[in-house]
Amino acid sequence: MASPNFWDNPEAARQTVAKLKSIRAIVEPMRKILAKSGDLEAMTQLLAETEDIHVREELDNGLESLAKEVARVELLTLLSGPNDLRNCYFNIQAGTGGADACDWAQMLLRLYLRYFERREYEVEELSMRDGEEAGIQSCSLLVKGPYAMGYLSCELGVHRLVRISPFSAQGKRETSFASVDVQPEIDDIEIEVDWDKDIREDTYRAGGKGGQHVNKTSSAVRLTHLTTGLVAQCQSERSQHKNRATARKMLGARLYQMEQAKRDTELSKIYSEKGQIGWGNSIRSYFLYPEQRVKDARTGYLTSDTQGVLDGDIQPFIDAMLRHRAAARHQTP
């Protein structure tokens, strides 16, 4: 990166920078732990000589902080899958519930954007479909950052919201659903697809806040895999060619994920149980009425800080899911 001609090839340079970030995500936490461990060891020796109460207090606080950092690094060891370090395509789809479901999908989008901001992930909007009355029907994002796929794979499934509906004149309690889907961004996917025979391509004018040009021309592209029914669409670029290329990458990633699911018992179970975006399939429930709580059905993790969760504080749920997966793997004969 110190080379004077490093940025002569911007695409290769960005790949190198991304690789550096991935390496730093592993190395830097270990460096901090080793440095803090050395400081605490020196403090322990000082305490043995002085028995200073202030040194004792500082040592106790330091040990508590070190234990938390070690726990975070231990979680990284659970992200050892072949795609866990990769960027990912992140999709939200409104389900059963009409306007409430579309509003819930938009609330989820805000939640995850806040989470991405906390982790300093880069986010690129690929497509966005507005709801008829409120919220969004669906959206597709490209999330870039270390362990994006590994962490966000824990969020794959149906999310359920229970609240007093802002769209009900009678103030009734409503239950809404939206699903989250995640696929790794992989440039070297080996999936055989006949793009002429197996794929139906539709072009359309991008709606919403896409700018004047994308609204006037049919630059948005939607690809449908006829055999599986999988769909990928992109409207982020003004060029139909660029949108088509991105949609092909997304569709390839989804086909790859489906092939992986056939070989991965746990992933296959997740996809088979995801089913309809409605009753009986939720992985997590967000209760805003009558009580305030968020509970994960897979791990049992529960919190009453609903506002914190809706503001993107979901790392405890992800950490609990990573430990749950690790425990399940250890129990498998």
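If the condition is being in a helix (DSSP H, G or I) and either buried (at least 17 other Cβ atoms within 10 Å of the Cβ) or of a type in the set (Ser, Thr, Tyr) (or both), then the range 214-239 contributes only Val214. Out of curiosity, is Ala253 at pLDDT below 90 and assigned to a strand (DSSP E or B)? No: the conditions fail for Ala253. One residue alone among Asp103, Asp60, Asp52 is buried (at least 16 other Cβ atoms within 10 Å of the Cβ), among the acidic types (Asp, Glu) and out of contact with any helix residue (DSSP H, G or I) (no Cβ under 7 Å at 6 or more places or on another chain), and that residue is Asp103.
Conditions (1) of a type outside the set (A, V, I, L, M); (2) farther than 19 Å from Asp319 by Cβ, marked per residue:
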position: Arg24; (1), (2): yes, yes
position: Leu59; (1), (2): no, yes
position: Leu85; (1), (2): no, no
position: Thr96; (1), (2): yes, yes
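Please verify whether the range 114-133 includes one or more residues that are in contact with an Asp or Glu (Cβ under 6 Å, 6 or more places away or on another chain) and at pLDDT below 95. The answer is no, given that none of the residues of the range 114-133 is in contact with an Asp or Glu (Cβ under 6 Å, 6 or more places away or on another chain) and at pLDDT below 95. Contact map, the range 103-115: first residue over 15 Å from Gln315 (Cα atoms) and in contact (Cβ under 8 Å) with a residue 24 or more places away in the chain, second residue among the hydrophobic types (A, V, I, L, M, F, W, C) and in a helix (DSSP H, G or I), Cβ cut-off under 8 Å, separation 6 or more or different chains; pairs are Met107/Leu310; Arg110/Leu310. Residues in the range 166-186 that are within 17 Å of the chain's Cα centre (by Cα) and not in a strand (DSSP E or B): Glu185, Ile186. Identify all residues within the range 28-72 that are small (Gly, Ala, Ser) and in contact (Cβ under 8 Å) with a residue 24 or more places away in the chain; write none if there are none. Passing the criteria: Ser37, Gly62, Ser65. Restricting the range 109-165 to residues that are among the aliphatic types (A, V, I, L, M) and assigned to a loop (DSSP other than H, G, I, E, B), the residue that is farthest from Ile26 (Cα to Cα) is Ala134.
Of the residues making up the range 78-85, not a single one is outside any loop (DSSP other than H, G, I, E, B), at pLDDT below 95 and buried (at least 19 other Cβ atoms within 10 Å of the Cβ). Filter the range 39-58 down to residues that are of a type in the set (A, V, I, L, M) and within 37 Å of the chain's Cα centre (by Cα), then give me how many there are. Residues meeting the conditions: 1. For the range 17-45, residues that are among the hydroxyl-bearing types (Ser, Thr, Tyr) and modelled with pLDDT of 90 or more total 2. So, Ala25, is that one touching a residue at least 40 places away in the same chain (Cβ under 8 Å) and not in a loop (DSSP other than H, G, I, E, B) or not? In short, yes.
When the range 301-315 is limited to residues that are touching a strand residue (DSSP E or B) at 6+ places or on another chain (Cβ under 7 Å) and surrounded by fewer than 16 Cβ atoms within 10 Å (Cβ to Cβ), the one that is nearest to Met107 (Cα to Cα) turns out to be Ser304.
For Thr96, the conditions (1) surrounded by 15 or more Cβ atoms within 10 Å (Cβ to Cβ); (2) modelled with pLDDT of 90 or more; (3) within 30 Å of Ser176 (Cα to Cα) are fulfilled apart from (2).
The values are calculated or read from the model by the stated rules, or taken from the named source; none is laboratory data. Computed from a prediction, not measured in an experiment: that's the story for all the values here. Backbone-built Cβ (ideal geometry, glycine too); neighbour counts: all protein chains shown.
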